[in-house]
Each structure stands twice: as structure tokens, then as C-alpha cells.
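One structure is given below, represented as C-alpha cells, and several questions about it will come after.
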Amino acid sequence: MPQFGFSISKPRAINLDTNDQVPAERLLQEVPELKTCIACGGCTATCTAGNLTDFNFRKMHTLVRRGEYREVYEQMDKCMLCGKCRLVCPRGINTRAVVIKIKRVLGDY
Amino acid sequence: MDKRVVIIGGGVAGMQAALALKERGAEPVILEKEERLGGKLRDWHRLFPTFTPAAEVLEPLREGIARAGIEVRTGAEVECLSEGGAVLRGGECIEGGATVICSGFDVFDARIKEEYGYGIYDNVFTTVDVERMFNEGRVATAQGGVPQRIAFLHCVGSRDEKVGAHHCSKVCCITGVKQAIEMKEMFPSAEIYNFYMDIRMFGPGYEELYRRAQLEYNINFVRGRISEASQTIDGRVQIKAEDTLVGRPLKMTVDMLVLIVGMKGGSRNVAFAGSGGLTVADNGFMQPQDSFLGNVSSGRKGIFYAGTVTAPKNIGESLNEGVAVAARVASYLGL
Ligand code: SF4
Ligand code: SF4
Ligand code: SF4
């Protein structure tokens with residue numbers, strides 16, 4: 001089969017009309033204070049895993065809240081549950097619990 | 001010296017200035033272009049961050065003005081300044097020993113941001129429309145339905161080179177948070193999204209209200225400016241933005257899109273500057289003498305400012321300037 005050098009790109013847009021928000025809602029029920037995240041990035045900045053790999057914890061939990069779960073479950077495996085992120089969060093979010101609950105609610109994905 | 005003080009504009013700053021001047025022995029006269037005192041606040045329902053009804057601020061001011069026997073000229077539109085006061089439309093001159101300009105701001109005309117379809121699509125509204133609906137006691141989509149999804153867009157007409165506005169209107173972030181909460185109270189099952197570039201919570205209790213909006217009212221805050229809106233076949237509004245926090249485009253359909261419109265300098269400012277030897281700042285508001293000790297002075301003898309004529313301000317700040325200007329005018333008049 002000759003290759004013609006073109007392919008079809010998957011749409012990258014987050015579509016809030018079609019995304020399944022149920023896992024996101026379950027996560028926010030378990031850790032309601034995550035709703036107060038102001039995306040300061042403190043958690044990501046302090047995260048050892050994030051400094052050594054492409055793991056970005058802030059981005060991961062924001063994606064989950066938008067109903068985007070692809071790759072998040074695997075990404076969360078990079079977390080070592082050290083809890084450093086929780087020490088710096090200015091909104092007092094139990095970020096370590098966020099990690100665990102994301103794994104739990106995304107178990108099916 | 002003439003104890004009469006000409007106050008241009010009968011909004012909260014003008015009314016407060018008149019009351020404070022009267023207490024100091026001056027004879028203020030308020031020139032108000034509308035038929036009633038109150039300025040922009042007449043169209044507002046409740047005030048941030050405490051949800052205080054606007055009437056609780058307006059009524060005591062109006063009653064105070066009536067009780068003090070302060071002269072009020074309604075339907076009196078000021079065309080320009082004269083040597084010692086103001087010239088009304090029709091040519092009448094009202095003069096005194098000093099003039100206080102409290103003519104406020106103009107609301108940004110959302111139709112200018114055509115890409116959001118205000119005045120074109122059925123379900124695009126402004127924060128001013130929403131206050132009117134709250135006052136009427138009924139919020140509904142153009143089709144008469146209960147909105148299940150509402151998006152607010154911050155910074156419409158502010159911080160936007162495309163409309164010639166570099167400034168931040170300051171009070172609209174908290175207005176957007178307040179209205180989002182009020183909508184959620186009216187429609188508890190509705191999903192509400194606020195699209196923002198920055199969240200600027202400058203006043204006491206504002207950041208706390210923002211936090212409550214997130215935690216208790218489940219308002220979703222998405223950092224990204226909506227780039228365009230379009231009407232769907234069933235009359236809803238499809239919006240596109242970037243969710244800049246994850247670096248991906250985002251799209252969704254909403255039942256109502258509310259544009260959080262900003263403040264611009266008053267349309268009379270250029271005429272005031274030309275006739276009174278005053279300066280209009282680059283942002284379109286009047287330029288006070290300086291930002292500190294002379295913030296209610298114009299730099300011209302006998303001409304003063306109070307309220308949003310010089311910059312976006314909240315109600316409390318405008319009220320304070322009413323008192324501050326009275327002190328400055330009284331010492332100028334030797335009272
Ligand atoms: S608990 Fe996980 S996400 Fe938090 S700092 Fe440690 S490795 Fe990073
Ligand atoms: S430190 Fe807290 S507030 Fe900041 S991004 Fe992380 S979870 Fe959000
Ligand atoms: S207060 Fe908020 S919405 Fe208003 S112009 Fe400033 S940043 Fe934009």
C-alpha cells in the first residue's frame with residue numbers, strides 16, 4: 001500500500017457538549033475543595049515527578065474537571081504520593097487525595 | 001465668595017457630594033440629565049459583594065437630598081462648562097463659586113464586539129440586561145425557556161486593543177461572580193461557566209465571594225477568552241475559547257451568553273475638557289490633578305471631580321470621593 005503522506009487528525013478541541021462529566025463530578029464530590037483551585041501551579045512546581053518527567057499535576061486535574069480522561073490515568077502513575085504538593089497549595093486542597101481519587105474514578109477508563 | 005456649588009451629575013458621587021457640601025454650609029445644586037436621581041445605580045438590582053439591594057443605598061441618599069432641601073434640576077443635560085459653572089442644553093447657564101463634575105462613565109456598547117453577536121443572536125445578553133431581568137423578577141432565554149447552561153464572558157470592552165481600551169474596568173470581575181451566583185440561586189440545576197483572562201478581586205470580601213462561587217455554587221471558571229460565538233439552529237449559542245490552563249481549544253453550546261461589559265469614559269468628557277481647560281486621560285476618563293493628594297482636583301481653579309468620571313470605581317469608592325470633594329471644595333470656598 002503506497003503511503004501518500006497525509007493522515008486524518010483527531011479533533012483536539014474539548015467538547016463540553018459531548019464529554020462525559022460523571023467521573024469529574026464524582027471526583028469533585030470526593031474532594032470538593034478541588035473546585036477552588038486557582039491554577040497557580042504551585043503543586044506542579046514542587047512536584048518531584050513533574051521536575052523529572054512530563055507529568056503536570058495541575059494540568060491533569062484540570063483535564064479531569066473538563067471531562068478529558070485520555071492518558072490521565074497512566075500519567076497519574078508517575079505520582080509517588082509524596083504529598084509535597086499538598087504543603088504548598090494556597091487553597092488548602094488535599095492534592096494527595098486528588099491523586100488517589102482520580103485513580104479511583106478513572107479506573108474504568 | 002459665592003457659596004453655590006454646581007454639581008454635574010446626580011449619581012451616588014454627586015448626591016453624596018451635595019449632602020456633604022450642604023453640611024458644610026455650601027448651597028449645592030445638582031444637575032441631573034435623567035428625570036430621577038440615582039445615575040447608573042437606578043438600573044442595578046443588588047450590589048456586590050454583599051447582595052445589598054441597590055435601593056438601600058439610593059433611597060437614603062435621595063431622602064437626604066430632599067430633607068436637606070438641596071436644589072435638584074432633573075432633565076438638565078450639561079452641554080459644556082462655562083466660566084463659573086455649566087451650560088445646559090438650550091443655553092441656560094448655571095453658575096456658582098465652584099463646580100464638581102460627577103458625570104460618571106458610559107457602559108461599553110457590546111454591539112461593537114460583533115464576534116459575540118450581541119443584538120444579532122437571540123440569546124446574547126450583557127450584565128446590564130441581566131440586572132434589568134433581576135429587577136423585573138424574571139430571567140429567561142429569548143425563547144422563554146429556563147436556561148440550563150449559562151456562560152459569562154469577562155473583559156468585554158476592557159483590556160482590548162481592538163476597541164481602543166487598554167484599561168481594566170475593575171468592578172466587572174466581581175460583577176460577573178455576583179451575577180453567576182444569583183443565576184445559580186435562581187436555577188440551581190444550571191451549569192454556569194465564567195470565561196476570564198484574569199480574575200481581579202480587589203475589594204474586601206471579593207476574593208472570598210469568588211471562592212464561595214467555586215466551592216458552594218459550583219461555578220466553573222475557565223481561563224480563556226471566547227473568540228467567537230454563533231447561533232445554533234435551535235437558537236442557542238455555540239462558543240469557542242482556548243482552555244489556556246490545559247492548552248487545548250474548547251467549545252460548548254449554552255442557552256445564554258452574558259457579556260460582562262466594561263466602563264468607558266463619559267461621552268461628555270471631551271466637551272468638558274474643551275470648555276473647561278481640562279484634560280482627558282488616554283483611557284477616556286478625566287485626568288485628575290494627580291493620583292494621590294489631588295485625586296478630586298482637576299488642576300483648574302474651582303473645578304473638581306468625584307466618582308467614576310476619573311476612573312472605574314465601585315460604589316463605596318464613589319461615595320467616599322463625594323465626601324472628599326466636599327472637603328476640598330469647602331476649603332476652596334473658605335467655608
Ligand atoms: S504527591 Fe504526587 S503530585 Fe504531589 S508532589 Fe508528590 S509526586 Fe507530585
Ligand atoms: S497548588 Fe492548589 S491551587 Fe495551585 S494549581 Fe495546585 S491544586 Fe490548584
Ligand atoms: S475587572 Fe475583570 S472583567 Fe473587568 S476588565 Fe478587569 S479583568 Fe476584565
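The values are calculated or read from the model by the stated rules, or taken from the named source; none is laboratory data. Owing to the predicted nature of the structure, the values given are computational and were not obtained by experimental measurement. We place every Cβ from the backbone using ideal geometry, glycine too, and count neighbours over all the protein chains shown. Just the protein is used for accessible areas: all its heavy atoms, side chains included, with ligands, DNA and RNA removed. Shrake-Rupley method; radii C 1.70, N 1.55, O 1.52, S 1.80 Å.
Translational diffusion coefficient, Stokes-Einstein: compute it for chain A using the Kirkwood radius over C-alpha pairs as Rh, at 10 °C and 1.306 mPa s, and state it as an integer in µm² s⁻¹.
106 µm²/s
Here's something else I'd like to know. Considering segment B:50-201, what Rg and Dmax in Å follow from its alpha-carbon atoms?
19.9, 59
Report the dimensions of the protein assembly as shown along its three principal axes from the alpha-carbon atoms, largest first, rounded to Å.
92, 49, 43 Å, listed from the longest principal axis down.
Once Rh is set to the Kirkwood radius over Cα pairs, what Stokes-Einstein translational diffusion coefficient, in µm²/s, holds for segment B:110-263 at a temperature of 25 °C and a viscosity of 0.890 mPa s?
Reported coefficient: 158 µm²/s.
Heavy-atom accessible area per residue, segment A:22-107, 1.4 Å probe: how many Å²?
47 Å²
Any residues in segment A:2-43 that have 50 Å² or more less accessible area with all protein chains than in their chain alone, probe 1.4 Å, and which are they?
Checking the loss per residue gives A:R12, A:I14, A:L16, A:D17, A:K35, A:T36.
Taking Cα atoms, how many degrees apart are the long axis of helix B:127-136 and the longest axis of chain B, rounded to 10 and kept between 0 and 90?
Tilt relative to chain B: about 90 degrees.
Ok, one more. What lysines could a cross-link reach from B:K170, if we take a straight Cα to Cα line under 29 Å and drop same-chain neighbours fewer than 8 places away?
In chain and number order, the partners are A:K35, A:K59, B:K33, B:K40, B:K113, B:K162, B:K178, B:K184, B:K240, B:K251, B:K264, B:K313.
Compute the distance from the alpha-carbon center of segment A:27-56 to that of segment B:32-93, in whole Å.
50 Å
If you average the sequence gap of Cα pairs under 8 Å that are 6 or more apart and divide by the length of chain A, what percent do you get for the contact order?
Once divided by the residue count of chain A, the mean separation gives 34 percent.
Something else: Let me check against my output: what whole-number percent is the relative contact order of segment B:110-263, with C-alpha pairs under 8 Å and at least 6 apart?
Rounded, it is 33 percent for segment B:110-263.
What's the magnitude of the charge dipole for segment A:22-107 around its Cα centre, counting Lys and Arg as +1 and Asp and Glu as -1 at the beta-carbon? Answer in Debye, nearest 20.
200 debye
Which of the residues in segment B:233-254 lose at least 50 Å² of accessible area when you go from the chain alone to all protein chains together (probe 1.4 Å)?
B:L245, B:V246, B:R248, B:P249, B:K251
What is the helix-to-structure angle for B:12-23, meaning the angle in degrees between its Cα long axis and the longest Cα principal axis of chain B, kept from 0 to 90 and rounded to the nearest 10?
30 degrees
Counting only protein heavy atoms and a 1.4 Å probe, tell me what percentage of segment A:22-107's accessible area is made up of carbon and sulfur.
Answer for segment A:22-107 is 51 percent, counting heavy atoms of protein chains only.
Which one of B:N295, B:T52, B:A140 is farthest out on the positive end of the charge dipole of chain B, using unit charges on Cβ (Lys, Arg +1; Asp, Glu -1) and the Cα centre as origin?
Towards the positive end, the residue furthest out is B:N295.
Where the accessible area of chain B is counted over protein heavy atoms with a 1.4 Å probe, how much of it, in %, is carbon and sulfur?
Heavy-atom surface of chain B belonging to carbon and sulfur, 1.4 Å probe: 48 percent.
Shifting gears a bit: Would you pull out the residues with amide H under 5 Å of B:L81's amide H, same chain only if 5 or more places away, H placed 1.01 Å from N?
Excluding prolines and chain starts, which carry no amide H, the hits are B:V87, B:S275, B:G276.
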